[in-house]
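Read the structure below first, then the notes.
Just so you know, all these numbers are worked out from the coordinates, no wet-lab data involved. Remember, predicted model here, so these are calculated numbers, not experimental data.
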Amino acid sequence: MQGGQYQYEYDQQEGNYMEQEEEWERDLLLDPAWEKQQRKTFTAWCNSHLRKAGTQIEDIEEDFRNGLKLMLLLEILSGEELPKPDRGRMRFHKIANVNKALDFIASKGVKLVSIGAEEIVDGNAKMTLGLIWTIILRFAIQDISMEEMTAKEGLLLWCQRKTAPYKNVNVQNFHLSFKDGLAFCGLIHRHRPELLDYHRLRKVRRPIPNVTCLLSCPILQTTVFR
């Protein structure tokens, strides 16, 4: 009975957490500071792959509007050939190309929420950034086994996105940004909020209290340090 009760309570916590996760994602899309930072980072990430085909983008929401470079990016990342793109310049040609890209992403088991071809064709910056982030998440694991630098950049992007809602956390690298322990604690709290009380932590000059809290976290004691 206790085990069933525990599972019920855990499921409730998981449900609450997923709702909180969705709220954070929507808030991030509306954050101008996050949008500016990720536009620059995502453009660099896309170009690191597009250059393999002898091309690149300058404006992430403008240069993906006709769907051609979006389809090319997916072909480079997946090593697969997408359907032949429409070469016309009319709006319906562009929508058709973006839909081919979205259909390909969906065929990989990725659920696209509130992202449609029309928004990409219209140059909607927030939807375009959301789409590129989805592509990064889908293909980051594949990159890890292929290119060390790309894997590092992808992991840094993941850490930035997951810790964005947390006060006093600004992940810019894997050294100084994690020194005070807050980024580590934020990552744990984001996925297992029941394991530590992040809001009791403070940004301090001597990070010993934060690191102590991190090391006392049950999930670390039973896995990393076992």
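Here are a few things to note about the model shown:
- Global form of the stretch 87-143, assessed from the alpha-carbon gyration tensor, a/c cut-off 1.5: prolate
- Among the listed pairs 94/126; 100/167; 69/108, those with a Cα-Cα distance over 28 Å are 100/167.
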